[in-house]
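The next block holds one structure in the form of C-alpha cells; read it before the comments.
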Amino acid sequence: MKVKICLIGEAAVGKTSLIRRYVHNDFDDKYITTLGAKVSKKEIGFDLEQQELHVDMDMTIWDIMGEKGFRDLVKEAFFIGTRGILAVCDLTRYDTLKELDDWVQSVFKVVGSIPVVFAVNKVDLKDEVLLMYGETELDQAARAFDAQYLYTSAKTGENVENSFRKLGQMIIDSSVSPRLAK
C-alpha cells in the first residue's frame, strides 16, 4: 500500500526533526527552516490479525513549510493525494496548537476528511519550561477532527514511531478494512 502523508504545523514545531528521528533515528538540534516541502520515505508493516492479513505500507512523508502565507499559496500542489495528516504542535507554544485548526482545514479542503494524528512535540522540555496548554485544550482540538494525540519528542524519540504507526493504522482502517467487510 502506497500512501502520502503530510506533516503540517507552524514553523519551528519540530516537523523536520520528527521525520529525521523516524526515518533515520537521528536528531540534530540545529534549526534549519524548511523551504517549500521535503519528501522522505519509509516502509513499515502492519499485521491485521482479525483479517489474517499483513500490509506493507510505503509511506511518502511530506514535510510542509510552516509559514502561514505559504499554506494558502501552494496548498493545492502539496496536499493533493494526501491520505493522512500528522498535525504537529509545540507543547511550549499555545499558538501552534490553535493554528493546527487552520492547517487541518486547509488539507481537508483539498482532499476531504482523512485520518489525523496530533503530535504534541517537545515533551522533553516539560520540566524545563512553562507549558502553555494541557489535556483540556488538546482534547478539544483533537476531537474537532476525530483525531488522537500523542506527546512526542524528536530529541529523545518518545512516541515518534508510535505517532507514524498510529496514523498508518488509521489509514489502513479507513481504506482496507471497509473493503474487507464487503
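Here are the numbers for this structure:
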item	result
Which listed residue is of a type in the set (D, E, K, R) and part of a helix (DSSP H, G or I), from 146, 101, 127	101
Failed criterion for residue 92 (all others in (1) of a type in the set (S, T, N, Q); (2) modelled with pLDDT under 95; (3) within 13 Å of the chain's Cα centre (by Cα) hold)	(3)
Members of region 75-98 that are part of a strand (DSSP E or B), of a type in the set (Val, Ile, Thr) and either surrounded by fewer than 24 Cβ atoms within 10 Å (Cβ to Cβ) or on the phi > 0 side of the Ramachandran plot (or both)	82
Test set (1) among the charged types (D, E, K, R); (2) within 15 Å of residue 8 (Cβ to Cβ); (3) surrounded by 15 or more Cβ atoms within 10 Å (Cβ to Cβ) - residue 101 fails condition number	(3)
The listed residue being assigned to a helix (DSSP H, G or I), of a type in the set (S, T, N, Q), under 17 Å from the mean Cα position of the chain (by Cα) and surrounded by fewer than 20 Cβ atoms within 10 Å (Cβ to Cβ), out of 113, 174	174
Residue in region 108-140 that is farthest from residue 97 (Cα to Cα), counting only those that are of a type in the set (Gly, Ala, Ser) and modelled with pLDDT of 95 or more	112
So residue 168, is it outside any helix (DSSP H, G or I), in contact (Cβ under 8 Å) with a residue 40 or more places away in the chain and surrounded by 15 or more Cβ atoms within 10 Å (Cβ to Cβ)	no
Whichever residue in region 116-162 is farther than 15 Å from residue 13 by Cβ and of a type in the set (Ser, Thr, Tyr) and, among such residues, is surrounded by the fewest Cβ atoms within 10 Å (Cβ to Cβ)	136
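The values are calculated or read from the model by the stated rules, or taken from the named source; none is laboratory data. Note that the structure is predicted; figures quoted are calculated from it, not measured. When we count neighbours, we look across all protein chains shown, and the Cβ atoms used for this are built from the backbone with ideal geometry, even at glycine.
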